[in-house]
Amino acid sequence: PLRRRLESAVSRRLFGDRVRQYQLLKNLGTAMEQTADLDELLPRLAQAVRDGIGASWVQVRLCEVDGNWLAEPMGVAGDVSNDSAAGVDLVHAGEQVGRIDLGPKPGGYAAADLELLTTVAAQATTAVANVRLATQLKEGLEELSTSRIRLIAAQDAERRRIERDLHDGIQQEVVALIAGLRLARN
């Protein structure tokens with residue numbers, strides 16, 4: 001048992017805590033797989049990163065296409081302070097979609113922690129971009145449905161107007177012509 005503990009400690013010292021890193025990636029994958037809404041995804045992402053890396057706090061923010069930071073939705077795990085110790089941008093197809101900021105960690109961040117954060121950020125970027133696209137598609141579908149309803153209502157109104165014009169205008173002229181023809185025949 002002592003030998004196994006010693007080998008485990010040496011392995012953790014040389015290679016980092018692989019079990020913790022594996023668990024972080026597994027939890028993150030499960031969270032992203034089960035979430036289709038940014039309001040749920042971002043807090044889960046923040047909590048998974050905090051648990052996996054051991055940060056005092058984690059904040060995940062998104063930005064708009066023009067580069068301004070969105071106030072909502074935002075993922076937060078822990079008590080956020082202004083002193084960010086590390087962070088990584090979420091970049092998809094050359095466009096910044098967000099950022100993950102980490103609070104200080106006792107003892108600082110090892111290179112393996114920052115490498116793990118970069119790996120997690122790559123996965124999170126894809127998930128956030130997919131959820132954003134799904135949201136945009138949903139909004140576009142709702143707008144298309146609303147537009148379709150307006151178009152159908154306009155078509156119905158135009159059809160009623162034409163029916164009214166036919167009934168009130170042409171039909172009365174045809175009846176008058178028929179009456180005039182009868183009169184002329186008589």
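Here the peptides 171-184, 78-91 are ranked by packing, the mean other Cβ count within 10 Å, and the order with the highest first is 78-91, 171-184. FRET efficiency for the His92 to Ile152 pair, using the beta carbon distance and R₀ = 45 Å, is estimated at 0.75. Here the simple spin-label model places points 7 Å from the Cα toward Cβ, and for Ser84 and Asn68 these points are separated by 1.9 nm.
Which net charge results when you count Lys and Arg as +1 and Asp and Glu as -1 among the other residues whose beta-carbon is under 12 Å from that of Arg99? Neighbour charge sum, excluding Arg99 itself: -1. Whole-percent P(r), segment 53-119, all Cα pairs, 10 Å bins from 0: 21, 50, 26, 3. Summarising the amide proton neighbourhood of Val91: residues at separation of 5 or more, or on other chains, whose placed amide H is nearer than 5 Å comprise Val97.
At full extension, Ala176 and Leu6 could sit 50.2 nm farther apart than now, given 0.36 nm per residue minus the alpha carbon distance. Using a 1.4 Å probe on the protein heavy atoms, what percent of the accessible area of segment 72-186 belongs to carbon and sulfur? It is 57 percent, rounded to a whole number.
Distances between placed amide hydrogens fall under 5 Å for Ala86 paired with Leu102, all partners being 5 or more residues away or on another chain.
Put a dot 7 Å past the Cα of Thr118, heading toward its Cβ, do the same for Leu144, and the two dots end up 4.0 nm apart. P(r) tail for segment 93-146, what percent of Cα pairs lie past 13 Å? Above the 13 Å cut-off, segment 93-146 has 70 percent of its Cα pairs.
The values are calculated or read from the model by the stated rules, or taken from the named source; none is laboratory data. It should be emphasised that the depicted structure is a prediction, and the values quoted were computed from it without experimental measurement. Don't worry about glycine lacking a Cβ; one is built from the backbone with ideal geometry, like all the others, and counts go over all protein chains shown. To get the accessible areas, we keep the full protein, side chains included, count just its heavy atoms, and leave off ligands, DNA and RNA. Shrake-Rupley method; radii C 1.70, N 1.55, O 1.52, S 1.80 Å.
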